[in-house]
Every structure is written in structure tokens, then in C-alpha cells.
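Q: Take a look at this one; I'll ask things after.
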Amino acid sequence: MQRALPAIKSIGLRKWALLLAGLSVCLVLAGCGNDRHADAYSNVLKRSLGPEPETLDVHAAISLQAAIVLRDLGEGLTGYSASGELVPAAAERWEVSEDGLTYSFWLRPEARWSNGEAVVAEHFVYSFHRLVNPSTAAPYAQHLIDIENAEAIIKGDESVESLGVTANSEFELSIRLARPVPYFLKLLAHNSAHPVFPPAVEAHGNGFARAGNLVSNGAYKLEDWTMGSMISLSRNEHYWNNANTAIDRVQHFVVPDETAEVNRYRAGELDITETVSSQMFRKLKEERPDELRISPFLQVYYYGLNLTKPPFKANRKLRIALSMAIDRETIVESVVGRGEKPAYSWVPPGVSDYQAMTFSYASQSADERHATARRLYAEAGYSDKNPLQVEIRFNTSESHKNVALAVQEMWRKVLGVEATLVNEEFRVLLANMLAREKTQVFRSSWSGDYNDANSFLSIMQSDNPSNLPGFKNEEYDSLMSRAANQMNPEFRQLLLEEAESRLLAEHPLIPIYFYVSKHLVSDRVVGWQDNVLDYHYSQHLRLKTND
Amino acid sequence: MSEVPSLLQTRQSIRGNRLVVSCVSLLLALAVLSLVGPLVSSYSVDTIAFDQSFIAPTLEDGRLFGTDDLGRDLFVRTLKGTQITFLVAIVATLVSLVIGVLYGATAGYLGGKIDAVMMRAVDALYAMPFVFFVILLMVVFERSLFLIFVAIGAINWLDTARIVRGQTMSIKQRSFVDAARLTGVSSAGIIWRHIAPNLLGVVIVYITLTIPQVVLFESFLSFLGLGVQEPQTSLGALVSEGVSRMERAPWMLLFPASFLALLLLCLNFLGDGLRDMFDPKSHTG
Amino acid sequence: MLRFALLRILGAIPTLFVVIAAAFLLVHAAPGGPFDSERVLPPEIEKNIRAAYHLDEPLPQQFARYIKGVLQGDLGPSFSRREYTVSEIISDAWPVTFLLGAMGLIVALSFGIVFGLTAALRRNTVVDRLLSGLAMTGISVPVFVVAPVLVLLFAVHLGWLPASFSGGTGAGRFILPVIALALPQLAYIARLFRASMIEVMESDFIRAARAQGLRTVSIVRHHAMKPALLPLLSYLGPAIAAVLTGSVVVEQIFGIPGLGQHFVNGALNRDYTLVLGLVIFYAALIIALNLVVDLLYGFLDPRIRRQ
């Protein structure tokens, strides 16, 4: 530094001082303007979301991130307990008619919106109308398609008023269904079935979900949304169960990068992470085994096969061969490695009232499977001289790439397949999957919106838009529609299981593994219970504080 | 321009020479290593071995740089990545150079209205947030190595074009150009045979400035997931993978990053050296 | 000078138009739309959404509609953030990016100049080698390596600084991002200034001043600084562009709610209006900054002013 002094001097001490002063002023200003992040309460829960939600309008939301925040903000007729049991929420009780077509709900008279107004049946009628109204263009309009006339309304054939939802009195709501749906009460717990406050929507239109405008009926209200940074919620004092809400403020942070998320958690800036990266998993398991929460989750990771074009069109043997050649155990242990389970069925384990079917080869040894796979591959018309050349498409992600590399290697070793990897950006892949022109093998996943086998099996029906492989099987469709109309739960379960068997036998896709929900939960947080839907309402949690 | 080089300039020239020689040798050594190494090793760049994942660097089994999370050998991958990085650097720089030189020389030589329009176009392109356009481009088209070359090259040619235009304008004034024109050589011929060769000095300077930028930009694209795709890999892609596994397997970051840093250091010093040699009056030293 | 500036601004308008048109075409050429999802929308609903955002109109009509809006100051609604307009998002985000970039640039300039000056005046000594070596490393390691390493060291293991922007309040949370952003530019500026200063110090008029017996400090301050700073000025434009690029990575790693993040997400989410709005913003900024740099150049170098 001694020798640098003349250098500094020559620039001019005055100029230096000015420079440093300018810098400090900048820093101070930067510090001053941001009091809204200051923790006025010590009872603040800091959760990370992942990518930023696209909206907090219950009828426009589609992402899992939006759903997390909406679960804290709002409440449907039914809800879930901390352990994942269906419980009354905005409705205190209900009755279902004998034929399963009429549901009567009695709302809690003490339920209030965040502005103090009572939550009444009319509000639900208004909200359901808005959900199915074509001009709302709600992505989850289909969620309540079982309500009488909903289908016609969404198509635009009927007016919104004809929806089978009526307010019989101030606190009495009745819903008529077009067909009996055993899991209907579970549907009502989803955030798309949360109510909106009609005067707010009327007054603010599309902007009703902004901070300052949003009126919510859940445990929390929206304080502030700093774009790209965090959504800040504060206690809704008018909430009917406010006495049991322990945490005053919840901050949902936008953290798109997994590594950054873990680092922030370790630095104490987050209490709960939304995910745990594969790379850090082993280290965290050693260092913080009690904070790591891994638990089965209703989501399946699969490779879809384009059934509308060769080589997979009408070539069941090839499809089965490819599925058998994959060593799911290796992928789950060595590639993903967070406790995921190999998937030998389409419906994940843990779905209520259901016994997942499995592939016939699930219990075979690797050698047996490979031998059968080779035989089927040859029968399908391929050999070493005529190997299958196929493209595996996936969207940009380290872990998808690694799985694809593993699958490519396995297919090569066992069958001699020449697979090329095509890494596409997410929406490009989506467009390709829907167009069904270029895709052959493509990576996708599906998660259940509600805890029933139907949430997985229904998308493989031939008229379902999310049926990416293009699976068309009459028997399957007929089994599914019979199950949809089946009142008796045991018969229904049998029909659904039969349908899944049919599906698995046809191999329109290759399920690879079942997800687990993975979180880091700091030991400050009390009351976290793993459940298969991965719903963790902030109102069920408590913070261990010293004051 | 002074006729007799000053003592300083001569000193710089010689030192430049030494610098150039040592850098070029180091770069050549790297290139040779990257070509020979994979041949010597018993592993290939994409062989997956699940039971050999995350092996720390060791002499046994020839795992000099260790393995990654899929059990692939890092020594071979790093060297292969170096090959690709070299390739990208050279080709993208060439693309950038060719476009820039031709564009700038044409504008500078033709002058007048054409020059004005061409330079306005350059201004417009300067105003574009180029990086973001590249991101959009990578999203729109399939990810091919070729596209990456073009995309990266397309970012850097503007500066070259500007400088070349300036130089061309001053060369244009020289007598031998008039002579060529008088004897009926076409404009294109003049540009190609007389002007372009005289731009060599400037061009070399800009090459040395461009290559490091190109290499860093490719690594930036890899970080976003848009760069070189499997089964090929580049130093940028390896570094990007290494960063996220920094704690679990530091060697996955250490080796590729060191190679990358070494490469960039060499290129930067080489640039200094070349500038000392060709243009002793330019400010380095 | 004023005329010069005005002419440049006027000339910038067609440039801006070309830039917008190119961006518009590019962003609509990308496969996939803003409302695509793995939960595929039924055709009726998709039709309704697209109609609500005018995406079912032919492209030229959409473009005309957009330009008309821009001329009235309306950058349109964001497709990926349903409740907000593009203008709101940009005005929310730009101060942070600006602040970050400005601080990064100031740190890079001030420290770069000091390092470069010290190295130049202590040429070929240990100090010079050390500083030059440090500068070289700054150019050779990408920012997405430097930033996580800094976070790991200072935030996770030492706990001195916050690991993210929203993880702290006040000045502390700027330190790591600014350092990560400034480092490569600092390195380059130090090298550039060192070389420039050496050349100036060897020039005739400086040697003459020295022969007259003036002290080094005084020579540097009064005679050498201005001409030595000139090459830095022409680097200023690229430096600003580099800082803008670098800020994308830094914003992502530190969770800074700035423009860079919005651009990448907007491109990936096909938020057409947001991307276009950002392109306009950036282009206008770059044009304005280039103008300022040119004016400064004229101010500092009287030779140019007389042209």
C-alpha cells in the first residue's frame, strides 16, 4: 500500500474522496429504500417457491408455485389437514344425496374475508360461475367439469347461469353433478375451487389479485409482491380459525436456481426449501439428516412414445422391449438418487382406495428382463444389423439430461439401439409433443391434482388433451367411462385397476420413476407432516422462537 | 509515424516476440494434449459407468482427473472439451472476422452514401441487446454446433467492422490504390488484393481480442443450457456442470476451470505479444 | 454539440424501429406460446385465452397494434405475470439493475484505474506482476464460477454476507453481487489503463516535462491522466454492455429482481410483450449511453471536438 500511495495521490485525493462518497451514498440509498423487507415481526416463516408464480388469481393460475401461495391465501369448501386428511374448511358440514348427484354444503357462519365481510354461499356461486365462464379462459375450468352443465358452458353452448350450483340461503350451498363422482369433495379442496370476493373482482377486473386489491378468505392475506423476489403474506385476523394460526407472516421467496436455494437455506435465509438438488443430496443427508424431508409424492416421470408414427405405431413388442431394457433401479439410485422409487405402474403408490397394477416384469431379475427384451426387440424387426434409431427429446435440465444419457446407454448395451439425445427448450418441446410430428421418445411427467387414481388414469383417455402419446384404446375408454358412472366404490376400484392393467399391457409410455417430495425444513419449524399431495399449509406450522 | 523505431519499441518488439513464442507454444501444447490425451486413455468421452461415479482424482485405473456423477472419465472429457472449445473459438472468430472485415472494408472503400447506410446499419445492430437476441435465436432453432458458431461469431463482428472501415479509409488514400484503380482493377479486386492484406495488423489485433470473448460467451451459453449439446462437450459446459457439484466433487470444477483459465490467459498474453510485435506503438508492455 | 445530440437522437428512431421489428419477428417465430403447459388446455379454453390477448390475429395486425400502443406509452400487459403491465414490471425492476450495474461499473473503474496506475508506475516490480496477474485471473474465470464460489465462501461458510439479495437488508446484500459483476471488468480496465498509462508516460511531452524536473505525482495528475483515460472511454460502451450481460447471471444466482432475470424468463415463457418491452428499453438505453460516451469523448479530447 505504501507504494500505491503516490498513485492514489496523483489521481487526487479529492477525486478519490468524491468517488468513495458517491459509492457510499449509493449503498446507503440502496439500503434505505427497502424497509418492506425488514422483519417487523420475528414470527416470520421463510419459504422458497422455485420459479415465480404467474398470477394469484385462482382462476388463472396453473403452476404448482401459484398453488402453494394460494393455499395460504384462500380456502375452499373442503381442505386438507396437516397429515393429508380431507377436512371441512369453508364448509362446516355437508350431505351427499343417495344417488351421489346432489351435494349440500353448510358454510361456517363465522367465516370472514380479510376485509371483515362474511363468506356467503353467493360468493361460491359467483366464483364457480367465473371458473367455467369461457371469457375467463381459466386453465382449470375442466376441474369442475362434473357439475351439471359445466361442460356445455365451457364450450359456450349454455349460459353461465345454468351451472348446477345454487345458493339456497345465505350459508347454504347446493351443487348438482352430471354424474356421480366419488372424489368430488377432494376436487373442492383444489385452489381453483377457492372463492373470490365478487366486489373486488367487479371493481378491479383482472387486477383484483394484486396486493392491496386482493381479498382472501384463508389464513393469510396478501401484503406485498416484489416481482422476481418474494411474495409477502400476513395474518388474516378475520379468518375463522385465526386463533390456531401460529405464524404471523409468511414470505414466499422466488428462487429459481437449486444451488442458490440450498445455499440460502444453509446461510439461514430460508426455513423451508421447495426442493433439494440431486447434487447436494448426499452431502445434506450426512450433514442434516433431520432437516431433510423426503416422502412419496403423486407424480410420475415418464418417457412418452409417439404412437401416431413409426417406429412406435402398432409396434407393441418394440415398446415393451424398450421398457424392459431400462434399469429403473439404477436410475433411481445412481442418477436421481433422492429416494425416488422405480415406476412399474402408471398410478403412483399411495393413492387412496387403490391398488396400483404393475408390469408383469417388475419382479424379474435384470438378466431375465434383458433376455426377454432382446427377444421382443428381434421379433419387432430389429437386430444388430438393423438397429433402432430413435431420438430422445427432453427439456433443458441437468437431471433430464442425465436420465436420458443413462437410458441411452442402457438401450445401447442391452439392445444395440442407437439413440440420439435432443435437448430442447421447454416450450419448444411442448409444441413438438402436441404436434406429434417430430417426437419419438419424449420426456414428460404428470402430477395428480387430487388424491384419486382417476387423476392419473383420466389423462390417457383418447379425448383427453394431455394424452401426449396419442393413446387410443376402446376398451380403456369404455372401462374408464364405466368407472366414472360407478357408484359402488369397490366395483369402481376394480374397474379402474382393470383399466390400468389394460394401459400397462399396451405400453403407450414408459414410466421411469415416481417422484418424492423433497424439502429441507429447518428445526425451527414445528408441525411439518409429509403427505402424498405435498400440501403444507403455513397455518399448520409453528416456529420455535425464544420469545 | 516515426521512421526509426525507438528503443522502447524495439524492446517491446523483442519482448513481444518472446511472449508470442511462449504463448503459442503453450497453446500448441494444450492442443496437442487435447488431441493425444483421449487416445492414450483407456476411457471414452461418453462411457457411462454407474458404479464408478464421483471418483476423486487418482493414479489407479488412470482416473487422472476423477469421474463425474455418471462415472464418465473427467480427464478425457476435459480434453475433448478443450478440443471443442478450440474449435468453437477458431471457427466463431473466423466467422466474426470474415463478416467484419468484408463488411468494413467494403463500406470504407466504397464510401459515400453506401458507407453511410452500412454504418447506420451497424449502429442499429449495436443498439440491439445482442446477447438476448442470441438467446432467442438459440430457442427458435435446433441446437446445432454450426448455429452456435454463427451465433457467437455474429455478436463480435461489429467492432471489427468499424475498425476495418476506418483503416480502409486511410489505406484508400494511399497512392498504390490509385495506381491500381487507374490500371482498371475492379473495386472488388482492389479490396481483395490490396486493401485486405494491409489490414493484417489490425485484424490480428482484433482476433486476439475476440477469441477470449468468444470462449467466454460459449461458456455463458452453456451455463444457460444453450451451448454445445451431448455427446459433445465444451470447457464451458464442463465448468457449468462443475459449479453445481462444487462441494460434492470439487475436481469436476477444478480441472475444466483451470484449463479454461489457462486457455484464456494464453490467448490474452498472446494478444499482448502480437500487438507488441506488429504495432509497437500500440499501448501494451 | 446540441445539434449533434439532437441529430443522433432523431437518427435513433428508425434504428429503434428496426430493432423492435426484428425482435417481434424473432419472438413470434419461437415455437410454443405463452399459455402452453403440460396440463394441456382444452381447445375451447385455449381459443379463448388467445383471443383475449389478440394472439389469434395475423402477425402484421398484432405488430401494428403493438406499435400503436408503444407510441401512446403503453407497452402492453405481461403474458406471464397476469396482473401486471410490462411498464410496471420494467419500472419495478430497472432501478435494481441500474444500481447494481452502476455500482459494478464504479467499483470496476475506480479499482481498475488504481490498480492499473499502480502497476504502470511500478512497472516490472513485484507489485506490477502481482496486480497484473490478478487482473489476468479476473478475465479468465467466468462470472458464473466466481459468483457461486463467493457465495459459498462468504455467505455459507463464513456467514459474513447474505447469500442472496432478498436474504438481507441494507448495503450488505449488494456487496457480493457487485463484486461478482465488477471483477471481470475491473481486470480488463486495470490492464487497459496500465498499458495506456505506460504509453502516455513514455510519450515525448511527458519526457519533456520530466526533463524539466517536474515530480512524477504532479506529472501524472496534471498531464498524464487525461490522455491516458481516453482509451478507457472507448471501452466504456462495451463495458456497459458486458455489465448488462453479466448481470443476467448475477441476478439469477443472487435472486436479484432485475431486468436480466425478466428477460431470460420472458424469452423462455414466451411473454412477447415483456420481451419486446425490455428490448425497447435496452436499445434506447444503449443508444443514449453511446451518445453520452461520444459527447464525453468530444469533451475530453479537444482534437475530436474540432472535427
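The values are calculated or read from the model by the stated rules, or taken from the named source; none is laboratory data. These numbers were taken from a predicted model, which means no experiment stands behind them. With ideal geometry, Cβ positions are generated from the backbone for all residues, glycine too; neighbour counts draw on all protein chains shown. Please note that ligands, DNA and RNA were not included when accessible areas were found on the heavy atoms of the full protein model with its side chains. Shrake-Rupley method; radii C 1.70, N 1.55, O 1.52, S 1.80 Å.
Q: Residues of the range A:226-252 with accessible area at least 30 Å² lower in the all-protein-chain context than alone (1.4 Å probe)?
A: A:227, A:228, A:229
Q: Oh, and also: How many Å² of accessible surface get buried when C and A come together, counting both sides, probe radius 1.4 Å, rounded to the nearest 100?
A: Working: alone 17620 and 24820 Å², together 36600 Å².
When C and A are taken together, about 5800 Å² of accessible area is lost.
Q: Could you give the nm distance between label points at residue B:170 and residue B:59, where each point is 7 Å from its Cα heading toward the beta carbon?
A: 5.7 nm
Q: Along the Cα-to-C-beta direction of residue A:316, a point sits 7 Å from the Cα; which residues of the range A:500-532 have their amide N less than 11 Å from that point?
A: Label zone hits: A:502-508.
Q: Continuing with the same structure: If I stretch the segment between residue B:179 and residue B:121 completely, what's the gain in nm (0.36 nm per residue apart, minus their alpha carbon distance), one decimal?
A: Values: separation 58, 0.36 × 58 = 20.88 nm, distance 3.14 nm.
That works out to 17.7 nm of additional length.
Q: When the accessible area of the range A:162-257 is split by element with a 1.4 Å probe, what percent falls to carbon and sulfur? The partial results should precede the final answer.
A: Details: 1280 of 2940 Å².
Carbon plus sulfur share of accessible area: 43 percent.
Q: Please report the carbon-and-sulfur percent of the accessible area for chain B; probe 1.4 Å, protein heavy atoms only, DNA, RNA and ligands left out.
A: Details: 8250 of 12000 Å².
With neighbouring chains kept in place, the figure for chain B is 69 percent.
Q: If you don't mind, another one. Taking the Cα centre of the range B:153-232 as origin and charging only Cβ (+1 Lys, Arg; -1 Asp, Glu), how large is the dipole, in debye to the nearest 20? Intermediate values should be presented prior to the final figure.
A: Details: 6 positive and 4 negative charges, 109 e Å.
The calculation lands at about 520 debye.
Q: Given a 1.4 Å probe, how much area per residue of the range B:25-283 is accessible, in Å²?
A: Working: 10170 Å² over 259 residues.
Ligands and nucleic acids excluded, the figure is 39 Å² per residue.
Q: Moving on. Carbon and sulfur atoms: what percent of the 1.4 Å accessible area of the range C:1-47 do they account for? Present the calculation step by step, with values, prior to reporting the outcome.
A: Numbers: 1860 of 2460 Å².
Reported share for carbon and sulfur atoms: 76 percent.
Q: How much net charge surrounds residue A:218 when only other residues with a Cβ under 10 Å from its Cβ are counted (Lys, Arg +1; Asp, Glu -1)? If you can, show how the numbers build up before the last one.
A: Details: positive: A:71, A:221; negative: A:72, A:75.
So the environment of residue A:218 carries a net charge of 0.
Q: Enter the mean number of other protein chain beta carbons within 10 Å of the beta carbon of each residue in C:141-153, as an integer.
A: Values: counts 8, 17, 4, 9, 12, 1, 2, 9, 4, 0, 6, 6, 0.
What the average comes to for C:141-153 is 6.
Q: Classify the range A:302-460 as rounded, prolate or oblate, taking a ≥ b ≥ c as the square roots of the eigenvalues of its Cα gyration tensor: rounded when a/c is under 1.5, otherwise prolate if a/b is larger than b/c and oblate if not.
A: On the way: a/c = 1.44, a/b = 1.17, b/c = 1.24.
Taking the square roots of the gyration eigenvalues as a ≥ b ≥ c, the range A:302-460 is rounded.
Q: Now for a separate question. Determine, for each peptide in A:522-529, A:272-279, the mean count of other beta carbons within 10 angstrom over its residues, then list the peptides with the highest first. It would help to have the intermediate numbers written out before the result.
A: Values: A:522-529: 15.6, A:272-279: 22.6.
Listed from highest to lowest mean packing, they are A:272-279, A:522-529.
Q: If packing is taken as the average number of other Cβ atoms within 10 Å across a peptide's residues, how do A:505-513, C:81-89 rank, most packed first? The partial results should precede the final answer.
A: Values: A:505-513: 22.4, C:81-89: 20.9.
Highest-to-lowest ranking by the protection proxy: A:505-513, C:81-89.
Q: For the range A:334-382, state which residues have at least 30 Å² less accessible area in the presence of all protein chains than in their chain by itself, taking the probe as 1.4 Å and leaving out ligands, DNA and RNA.
A: Listed in order, they are A:334.
Q: Same structure again: Roughly how many whole Å is it from the C-alpha centroid of the range A:165-212 to that of the range C:79-149?
A: Here the answer is 51 Å between Cα centres.
Q: Under a plain spin-label model, where a point goes 7 Å from the Cα along Cα-to-Cβ, how far apart in nm are residue A:475 and residue A:166?
A: Each label point is offset 7 Å from its Cα along the Cβ direction, giving 4.4 nm.
Q: Need one number: nm distance between label points at residue C:56 and residue A:285, each 7 Å from Cα along Cα→Cβ, rounded to one decimal.
A: Spacing of the two 7 Å Cα→Cβ label points: 5.2 nm.
Q: Dipole size in debye (nearest 20) for the range B:25-283 around its Cα centre, Lys and Arg Cβ +1, Asp and Glu Cβ -1?
A: The dipole of the range B:25-283 has a size of about 1180 debye.
Q: Let me have the relative contact order for the range B:25-283, percent, based on Cα pairs under 8 Å that are six or more residues apart. Write out the running numbers ahead of the final one.
A: Numbers: 347 pairs, mean separation 56.6, N = 259.
Reported relative contact order: 22 percent.
Q: Still on this structure: Under the definition of partner shielding as Cβ atoms of other protein chains within 10 Å of a residue Cβ, what is the mean value for peptide A:155-164?
A: On the way: counts 4, 3, 0, 0, 0, 0, 0, 0, 0, 0.
Going residue by residue through A:155-164 and averaging, the value is 1.
Q: Which of the residues in the range B:234-252 lose at least 40 Å² of accessible area when you go from the chain alone to all protein chains together (probe 1.4 Å)?
A: When all protein chains are present, B:243, B:244, B:245, B:246, B:247, B:248 each give up 40 Å² or more of accessible surface.
Q: Where a ≥ b ≥ c are the square roots of the eigenvalues of the C-alpha gyration tensor, would you call chain C rounded, which needs a/c under 1.5, or, failing that, prolate if a/b is larger than b/c, or oblate?
A: Details: a/c = 3.33, a/b = 1.68, b/c = 1.98.
Oblate.
Q: Around residue A:313, what is the net charge, scoring Lys/Arg as +1 and Asp/Glu as -1 over all other residues with Cβ under 14 Å from its Cβ?
A: Values: positive: A:309, A:316, A:317, A:319, A:436, A:472; negative: A:437, A:506.
Charge balance in the 14 Å sphere: +4.
Q: Can I ask one more? Residues of the range A:182-326: accessible area per residue at 1.4 Å, in Å²?
A: Details: 4530 Å² over 145 residues.
Roughly 31 Å² per residue, with all protein chains present.
Q: Is the range A:201-258 rounded, prolate or oblate when judged by the Cα gyration tensor, a ≥ b ≥ c being the square roots of its eigenvalues, rounded requiring a/c under 1.5 and prolate requiring a/b larger than b/c?
A: Here the range A:201-258 falls in the oblate category.
Q: Still on this structure: Over the Cα atoms of the protein assembly as shown, each weighted equally, I'd like the Debye log10 I(q)/I(0) at q = 0.04, 0.08 Å⁻¹, rounded to two decimals.
A: Reported log10 I(q)/I(0), two decimals: -0.24, -0.94.
Q: Across peptide A:466-474, how many C-beta atoms of other chains are within 10 Å of each residue C-beta, on average? If you can, show how the numbers build up before the last one.
A: Working: counts 6, 1, 2, 0, 0, 0, 0, 0, 0.
Averaged over the peptide's residues, the number is 1.
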